[in-house]
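In what follows, a structure is listed as structure tokens, so that the remarks can point back to it.
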Protein chains: 2
Amino acid sequence: MSKSDDGTRLSAPVASAPIRRLRQGPVMPIGGAEDKELGSEGEVLERFLELAGGSAARIVVIPTASRVADEVGSDYQKIFGEMGASGVDVLQVEERLDANEPPALDLLGEATGIYISGGDQSRLVSLLAGTKTMEMIRMRNAEGIIVAGTSAGASILSSHMLVGGSGRAGQSGTASAKKGMVDMVAGFGLLQDMIIDQHFSQRGRMGRLLSAFAANPGLLGIGLDEDTAVEIGQDGCLEVLGSGMVTIIDGRNSTSDYFEREDGEVLTVIDSHLFVLGPGRRFDLDSRRPVPLDQA
Amino acid sequence: MSKSDDGTRLSAPVASAPIRRLRQGPVMPIGGAEDKELGSEGEVLERFLELAGGSAARIVVIPTASRVADEVGSDYQKIFGEMGASGVDVLQVEERLDANEPPALDLLGEATGIYISGGDQSRLVSLLAGTKTMEMIRMRNAEGIIVAGTSAGASILSSHMLVGGSGRAGQSGTASAKKGMVDMVAGFGLLQDMIIDQHFSQRGRMGRLLSAFAANPGLLGIGLDEDTAVEIGQDGCLEVLGSGMVTIIDGRNSTSDYFEREDGEVLTVIDSHLFVLGPGRRFDLDSRRPVPLDQA
């Protein structure tokens, strides 16, 4: 069920890509709607490609979240190809079985960068979570290659992800933080102790994030705007890329009434610590502190 | 230029309304799209009417923010009439002169509750700010009567209000906090030291609020969801009403790079203190602390 771009397949000597030397590769959640215009300031995809090895990169695109996976896969194949990647393959998973078979695993084994597209988060969970494909993605990231995901693909990178309660702005009454508006399920686990939400400012998702967050104050909430990403490196810091802002909520000192509320009731969450970071800013995920402005 | 509802005008003995005894009347900013269905749980408008004197209330509606002020005025006249107000008048201001003339001032002088509709904030500023109508609204509120405003009408209640940069969610690139995305102008001044934004979760306006806030860390940022209001009483506390949540950002300890950024650049604002409050919750505006959950 995999497609490969055999014409360019042999041209990249993967083992020599410098990022292979890292103990864990970078992880890059993207807030969706990343700039795909060539020649513009499409910083996010350019940085992904750079970390994947630049002109030596062999990208595997995983468009499984999309209901039009063929189309999305071809689009990214074209984009990364035009950007100069050495090879771009699309991993197609139409049923769970596909994600456990050698064609998928072989593709991932040769990748120098893995890119998970947007779409429906529940498709990622039902088709990929717990499969050998997921394990291979973890293993390859542990070996040093970059794994990026946009929109739904960003959320699944973490150990915990939100499903349901799209919290799309403009639907009055869905945007406030309400108990039970979202469920939390297990993601791929490349990142720990955080919940990543995307299209964050554009869809007014503070309420949705807080509704999950209220019951899980130990997690860090990370809201990514569109065309905005964070690059999380081996040093445990994230750096903001792209054209928007990243919202970070630290709830370690916060209190909520989550366990006293019924499903559907609006929640109260007090004493959260809020950061919004523009492009180029860095944040230390261990200390939960931004790298000071005068050092950024 | 004023319309009055003379049929019911003489029925309410205004001077005896109990709220007249307060030193300052309540102020009620509403996040827009308040529930106007009779018989439903339209808590916000019901509470407004109650504070205006219930069946003895004489409401003055100010629909000046709307480009279809006649229509909006009539709608509210009908709503408050059906809810049982003793009298409902509509104050029409088509040019600034109207706001300085006796018909408008006389109406306000007899009101037990003033309600400012939504629409375009710049119309409120250009037609009403600094007029005798504004002074009369301040004076009547100081005498004890309630002043409520919804959407644009909510924002103008404070000393500082945002104009421009609608920050409507869904317009990619407009929702992140950027320098210069909004201007701040003087509002009516019934509330001090805060910026009120509305349609907050629904339109993803965190970025817009923070962009103003970054340069004004002494102000409290208050984001009202649709069909959600805060009632601010003489005790300096606000109480949440309606069906959504209220987002409060205290920036006294926060740091931003506002003064180092150029117009249009995304801002960084760190160490803000975030509260989201559900219906019934109270927050002390002096101490900037919520009334503890177990006392609410």
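The values are calculated or read from the model by the stated rules, or taken from the named source; none is laboratory data. Everything numeric here is computed off the predicted structure, so don't read it as measured data. Note that each Cβ is placed from the backbone with ideal geometry, even for glycine, and that neighbours are counted across all protein chains shown. Heads up: the accessible areas ignore ligands, DNA and RNA and are worked out on the full protein's heavy atoms, side chains in. Shrake-Rupley method; radii C 1.70, N 1.55, O 1.52, S 1.80 Å.
Among the residues of region B:247-264, those that are touching a residue at least 12 places away in the same chain (Cβ under 8 Å), over 20 Å from residue A:179 (Cα atoms) and more than 7 Å from every other protein chain (Cβ to nearest Cβ) comprise B:250, B:251, B:252, B:253, B:254, B:256, B:258, B:259, B:261, B:262, B:263, B:264. Inside region B:247-281, can you point out the residues that are within 15 Å of residue A:269 (Cβ to Cβ) and open to solvent by 30 Å² or more (accessible area, probe 1.4 Å)? Scanning region B:247-281 gives B:273, B:279, B:280.
If you check A:277, A:285, which single one turns out to be within 7 Å of chain B (Cβ to nearest Cβ) and under 30 Å from residue A:35 (Cα atoms)? First the steps, then the outcome.
On the way: A:285 fails: within 7 Å of chain B (Cβ to nearest Cβ).
Answer to the check: A:277.
In this structure, is residue B:132 open to solvent by 10 Å² or more (accessible area, probe 1.4 Å) and within 14 Å of chain A (Cβ to nearest Cβ)? Here the answer is no, as residue B:132 does not meet what is asked.
Tally the residues that are closer than 22 Å to residue B:136 by Cα and assigned to a helix (DSSP H, G or I), restricting the search to region B:55-69.
2
Cβ-Cβ contacts under 6 Å between residues 6 or more apart (or on different chains), taken from a first residue in region A:77-89 that is acidic (Asp, Glu) to a second residue that is open to solvent by less than 40 Å² (accessible area, probe 1.4 Å) and at pLDDT 95 or above, are listed as A:89/A:60; A:89/A:107.
Answer yes or no as to whether residue A:193 is among the acidic types (Asp, Glu), surrounded by fewer than 20 Cβ atoms within 10 Å (Cβ to Cβ), facing chain B (nearest Cβ under 8 Å) and in contact with a strand residue (DSSP E or B) (Cβ under 9 Å, 6 or more places away or on another chain). First the steps, then the outcome.
Values: among the acidic types (Asp, Glu): yes; surrounded by fewer than 20 Cβ atoms within 10 Å (Cβ to Cβ): yes; facing chain B (nearest Cβ under 8 Å): no; in contact with a strand residue (DSSP E or B) (Cβ under 9 Å, 6 or more places away or on another chain): yes.
No: the conditions fail for residue A:193.
If you take the residues of region A:203-246 that are facing chain B (nearest Cβ under 8 Å), open to solvent by less than 10 Å² (accessible area, probe 1.4 Å) and under 15 Å from the mean Cα position of the chain (by Cα), which of them is farthest from residue A:279 (Cα to Cα)? So the residue we want is A:225. It is to be established whether one or more residues within region A:89-98 are assigned to a helix (DSSP H, G or I) and either of a type outside the set (A, V, I, L, M) or surrounded by 18 or more Cβ atoms within 10 Å (Cβ to Cβ) (or both). Yes - at least one qualifying residue is present in region A:89-98.
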